[in-house]
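What follows draws every value from the coordinates through simple rules; no lab data is involved. Predicted, not measured: the structure shown is a model, and the values here were computed from it. No Cβ is skipped: glycine too gets one built from the backbone with ideal geometry, and neighbour counts run over all protein chains shown.
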Amino acid sequence: MRAALRTRAIEWGGRLALVGLSCVLGLACIEIGARWLEARRVQRQRQIRRSAPAERFDPVLGWAKIPGSSLRVDRGEFDITFHYNSHGLRGPDRDYERPPGVRRVLLLGDSFGEGYYVKEHDTARAVLERLLAREAGCGTWQVINGCTAGYSTDQEYLFYRDEGHRYGAELVVVLLYHNDLDHNTRPTIPGGMRKPLFAIVNGRLELTNVPLAAPPSPKPGPRSPGKEEHLQPWRGSIALRMLGKRTVDSAPRLFDLLEWAGLVPPAYGNMPEELTPFGVGPKVPKMWRMVSLLLRTLNTEVRADGARLALLYVPVVFEVDRDEWALTSKRYGWGHKWRREKVADRLRSLCAREGIEFVDPSPQLRAAVVAGHRPYFRTDFHWNEVGNRIAAEAMLPLVQRQCGLQGATGRLFRR
């Protein structure tokens, strides 16, 4: 009997040892694969950085795209090459002077308006232009994409003042994202790039730092690939670091469980100051004074050009996804003074006061989330093709009213 028990114990011990060894080998293979994928990603980024630059220094705006240039962005979830036209804008070549019988819409904004990270055919600009082409009785319309990644409201105003007005648009639409409120009050953006800074003097805007100082010239010789962003191991593992990056947005509840178990790094450190308009902070009143005066000044100039100004609000993902809001509030310890509708509500009131038409696509974006058609990328905070489509449909009634047409098109997603 004892011999039989000893034999069975040895057999089970061998099986457990084999299972343990298999697990160790399996985890080792996963880690080796993760490190190989990371090496490939770094190599691709190195090749991209060696390509010709797509941005140039601008003494007023801080930066602008080089006319005729291209830019490849590879983030795993998407691999897109941007092409810029002869004026340094995304979209087809368009002369400043409007062709006879053609009417125009000009978009002003940041990376959301520029269309990060979708093909040009899927940007809000391109979709809106196609929708207008199908509108009977509205004539021929062109939509100009005057948006540049990283711009805030102050740069968008300066772009319109110095160049955008030359397109002769009769409708100008500003796409405003919440971080504009913070960036309008700063001389640099995250990453250190210099930008213009306005001050409010006697109720008027005054530029304080233009022309901007040019950045140091690059050293002669082959172009440097720049700083490479290597993933740092978590508890000695690249695979665990990748698991955290993959689940933090795409599966937040799983991420919380993994974070609790110590298998992935914490999602956030200190809260970015750009989120304070959703709650409270000593700089919030200044942010609102600045954006209010910027929009008022832009509205005055647009009207002087015989055009009309509208504002399309760009919600952050937690404004249209309750689960995202709950997780973000938990991570930052937000209390009852923080509301996800706070920025949109205040912008709506501001626009009503200034006579600027306000459009908020949040209901359509929420409906898309409920229907299972996520309008944002999983690992990036920008709109995907669905989000761009919804933004274009939200802008269509603005142009219909410009044409004297009544009604609006149906929504893509309904509850």
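Peptide packing: for 389-399, 273-283, the average count of neighbouring Cβ atoms within 10 Å per residue gives the ranking 389-399, 273-283, highest mean first.
Taking the mean number of other Cβ atoms within 10 Å as a proxy for protection, how do you rank 154-164, 105-115 from highest to lowest?
105-115, 154-164
In loop segments of the range 68-104 as defined by DSSP, the trypsin sites (Lys or Arg not before Pro) with at most 15 further C-beta atoms inside 10 Å of their C-beta are Arg75. Close amide H partners of Phe57, meaning residues 5 or more places away or on another chain with modelled amide H under 5 Å apart, do not exist here.
Excluding Tyr117 itself, calculate the net charge of residues whose Cβ lies under 14 Å from the Cβ of Tyr117, where each Lys or Arg counts +1 and each Asp or Glu counts -1. Don't skip to the end; give the middle numbers.
Values: positive: Arg72, Arg75, Arg90, Lys119, Arg378; negative: Asp74, Glu77, Asp79, Asp110, Glu114, Glu120, Asp122, Asp380, Glu385.
Neighbour charge sum, excluding Tyr117 itself: -4.
Taking Cβ separations below 4.7 Å as the criterion for a possible disulfide partner, the isolated cysteines in the chain are Cys23, Cys29, Cys147, Cys351.
Residues Asp321, Asp74 in ascending order of nearby Cβ atoms (within 10 Å, fewest first): Asp74, Asp321. Spin-label model, Val370 to Arg346: label points 7 Å out along the Cα-to-beta-carbon direction sit 2.8 nm apart. Under a 5 Å amide H cut-off, with hydrogens placed 1.01 Å from N, Trp338 pairs with nothing among residues at least 5 apart or on other chains.
Each part gets one Cα centre, and for the range 143-177 versus the range 67-85 those centres are 21 Å apart. Ordering of 137-146, 368-377, 347-356, 199-208 by packing is 137-146, 368-377, 347-356, 199-208, highest average first (other Cβ atoms within 10 Å, averaged per residue). What is the sum of charges around Val399, taking Lys and Arg as +1, Asp and Glu as -1, for the other residues whose C-beta is under 13 Å from the C-beta of Val399? The answer is +2. Taken along the Cα-to-beta-carbon direction at a fixed 7 Å, the label points for Asp162 and Ala261 span 5.4 nm. Modelled spin-label separation between Arg296 and Asn202, with each label point placed 7 Å from Cα along the Cα-to-Cβ direction: 1.5 nm. Computed about its Cα centre, the charge dipole of the chain is approximately 1200 debye, with only Lys, Arg, Asp and Glu carrying charge at their Cβ.
Students often get this wrong, so check it: of Lys65/Lys286; Lys119/Lys286; Lys119/Lys195; Lys65/Lys330, which have C-alpha atoms separated by over 32 Å?
Checking Cα-Cα distances, Lys119/Lys286; Lys65/Lys330 exceed 32 Å.
Note on percent of Cα pairs over 36 Å apart: of the candidates (1) 20; (2) 25; (3) 34, the value calculated from this structure sits at (3).
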